[in-house]
Structure formats: C-alpha cells, structure tokens
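Coordinate-derived values only; no laboratory data. This is a predicted model, so every value here is computed, not measured. For neighbour counting, all protein chains shown are included, and Cβ atoms are generated from backbone atoms with ideal geometry for every residue, glycine included.
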Ligand code: FEO
C-alpha cells in the first residue's frame, strides 16, 4: 500500500498490526505500530527513512510499484535504528551509489550496524537540499530525541515536518491521520511513547522544540516515523510534548508492589485506603508488578505526582519484578516526583529500605521512613498502614 499525503508526497511505509513488543522484548506495543517512510517526487525524488528488515522485500516490492527505484535521487536517513534503516541494505543493493543524507552520528550508527561504505552525505542543522519545483528539505539535528544520530527534516512549500521518532506512537491504524482515529487511543499511545522513550531526554525535548519554533516555519503536518500523521492542529502534539517535558504530573499516586503470600498486597491496599480517607480527589492506582505490563506501569508513574513502592523481603533483597521496574525507572530520570516505600518481612526485613534507597537514587524525593511490616498485618498493623497512607496523602499534596 502507498498513500498520498500531500501534493507529490506519499506514505510508502508498513503498518505492523502484529507487533507485540519493541526493542526486543523490552517495550510492549499493545496496538502494533507502523514504520513510516515517505516519498517526495519533485524534480528530484527523495525517500525519507525505510522500514524494519523483516519487511524489506515487501517494502521494495511496494515501492517499485510506485516508482522506478532508479529514479530515487536521495535517501534521507533521519535515524539509524533498525526499525527505520533495516531496509537500507536491500535498497542500496538496488540503487548503489545513491547518496544517503544523515547526521554525522548517523554515519556512525549505520556503518556500525551494516558495515557498508555507502555514499553518506553528512548534514547539519540548517543545511538544505534542493528538490526542484521551488521545494527544499531543511535538516534539523535532534540529538537524543531519542538517539545521538536523530534528526528531523522539513519540506518547504508543503510545510511538512518529518520528525522521525519524536511525536510518534506505536499505534497501527489504516486511518493514517490523527483526526480520523479514536482520540483516547491516540492520546494513550502518544503518552506511553513519550513516557517510555523520551522521558530521559525531557530537557533536550524542550530545547529542541523551542529551537524549531524559533524558525517560524509554517506547519501543515507533523509526519512521524511511527503511528498516525498529525494533520489536524499539528501544533497540538508539539504543545503536548512541551507539557510532558516539563516535570509533568497529574493528581495521581501510583502504588507498585509484588507479593508472595499477600501480606505486601494487604499493606498496599491499606495504604491506598488511608490515602483515600485523607484525600478523596487524588487518583490512587495499584499495580502488582507480577501481573501488570511494565511499560504501562512506567506510563502511570510518568503521570503521577508520587509513587509508593513495595516488596516483601527475600534472600535479604527484593522480588525480581520490583527490582526490574526500579532498574527501568532509574533510566527514566524522572524529576519532581515524591516517593515512599513499604514491605512485609519474616526475618531480616531489608526490602522496604532497598526500595526507598533505589527510588532516592533514581531522583525521587523520599518523604517518609519506609514502612516495614512483619509477617502479615494484624488489626494493629492495618491501622498503622492506614495512618501511613493518611500521612503520605498530606506529604504528597
Ligand atoms: Fe523508531 Fe528509535 O526508532
């Protein structure tokens, strides 16, 4: 399938309805994804990005129906990650010598992955590529959005921003445009994408957006490399990114935990009850990490003003589901969020302290001593958990 976008610009990518995980098994993709590639046919023809290698033959077949591959004058590689560059080996086999425009770091990543000495043309912010008919591509380096090699390009005349991963969503849809899809689904996937992929780079997101806005370029569409194209009020996703990048939080508290014999779960639920009794408006959500999707929980943490993490003690440590989440949380570099910790124990009882320490090391402000509960809470301990929740409601306010 190819799809007209505007004038001489077409979408020539692949919608992947089957994808369940991305980055190996690291990131869940409940609604599939798409690998968006764009073809611009002016006096010169440019292809922006390709698709993941499992679809390389399909991509080439499809593209060949649309255009004689030999007519492609320029290949633009906005980002070297394999989901966008995976078809380059087959494509360059078909059109050897065709220049590939990318950032300096893009050369590094493409050479590092494919070990080919293709005809790389390094571009920097502000460089332009003339496509004829009065249209040009303007390049904007966007390092760490989300790789050092990432860049955007902008098509003058049609006013299209090809933003690669930024502003994308892992969201398969045949509808192609933001105004045609379910708005709640779109918001959820754009949010999950930002929370799990871009959060560590929030400061750079703000800076880059301000830099692009300062160029005062008219904007008709934002064309990311995953998910649907923003054509209805395309500025909305840019404004949303500015909000998400600015220590975003809602009036939400996320309690995450794992439990062996339900003691730590009882503590979690009593803490939630305590919070509710003190603050009926705060949205408290509980997640047993052994039963919930890690990336969905990361998204909920992103939305939260505070988190409370819990694990029982096992072998002087914590359960692996909690350890795994804490490791991921550390890389997210969340800022401006508060935290507390809890956990049941039978003998040594280190778990709550470990969770608190890890949260503090990850940039959370731990506001209370960890709550340690021996064995399983009795009536007296349940009251203590309730009081802990009530106290946290005030400290998190
Ligand atoms: Fe969609 Fe960073 O690749």
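Here the chain carries DSSP beta bridges of which approximately 45% are antiparallel, counting only pairs with both residues inside.
The residue 18 and residue 387 beta-carbon pair, evaluated with R₀ = 56 Å, returns a calculated FRET efficiency of approximately 0.70. Helical content of the chain, expressed as a calculated mean residue ellipticity at 222 nm, amounts to -10500 deg cm²/dmol (DSSP H runs of 4 or more residues, -39,500 (n - 2.57) each, divided by residue number, nearest 500). To the nearest ten degrees, helix 379-396 and the longest principal axis of the Cα atoms of the chain are 40 degrees apart. Could you grab the relative contact order for the stretch 252-396? Cα pairs under 8 Å, six or more apart, rounded to a whole percent. With pairs under 8 Å counted, the relative contact order is 31 percent. Under the criterion of Cα pairs below 8 Å and six or more residues apart, the relative contact order for the chain equals 11 percent. Compared with the direct C-alpha span, the chain from residue 216 to residue 90 gains 41.6 nm at full extension, assuming 0.36 nm per residue. Sorting the segments 166-172, 4-10 by their mean number of nearby beta carbons within 10 angstrom, highest to lowest, gives 166-172, 4-10. When each of the peptides 47-53, 305-311, 342-348 is scored by how many other beta carbons lie within 10 Å of its residues on average, the order from highest to lowest is 305-311, 47-53, 342-348. Helix 56-66 and the longest principal axis of the Cα set of the chain meet at an angle near 40°. Here the calculated FRET efficiency for residue 236 and residue 347, from their Cβ-Cβ distance with R0 = 56 Å, stands at 0.55, rounded to the nearest 0.05.
With the simple spin-label model, which puts each label point 7 Å out from Cα in the Cβ direction, the residue 57 to residue 249 separation comes to 5.3 nm. If the chain linking residue 281 and residue 320 were pulled fully straight, counting 0.36 nm for each residue of separation and taking away their Cα-Cα distance, it would gain 10.8 nm.
Once Rg and the Kirkwood radius are both taken over the C-alpha atoms of the chain, their ratio Rg/Rh works out to 1.06.
On a 0 to 90° scale, report how tilted helix 351-361 is relative to the longest principal axis of the chain, with both axes built from alpha carbons and the result rounded to the nearest 10. Tilt of helix 351-361: around 40 degrees. Between residue 357 and residue 262, what FRET efficiency comes out of the Förster formula 1/(1 + (r/R0)^6) with R0 = 22 Å and r the beta carbon distance, rounded to 0.05? Given R0 = 22 Å and the Cβ-Cβ separation, E is 0.30.
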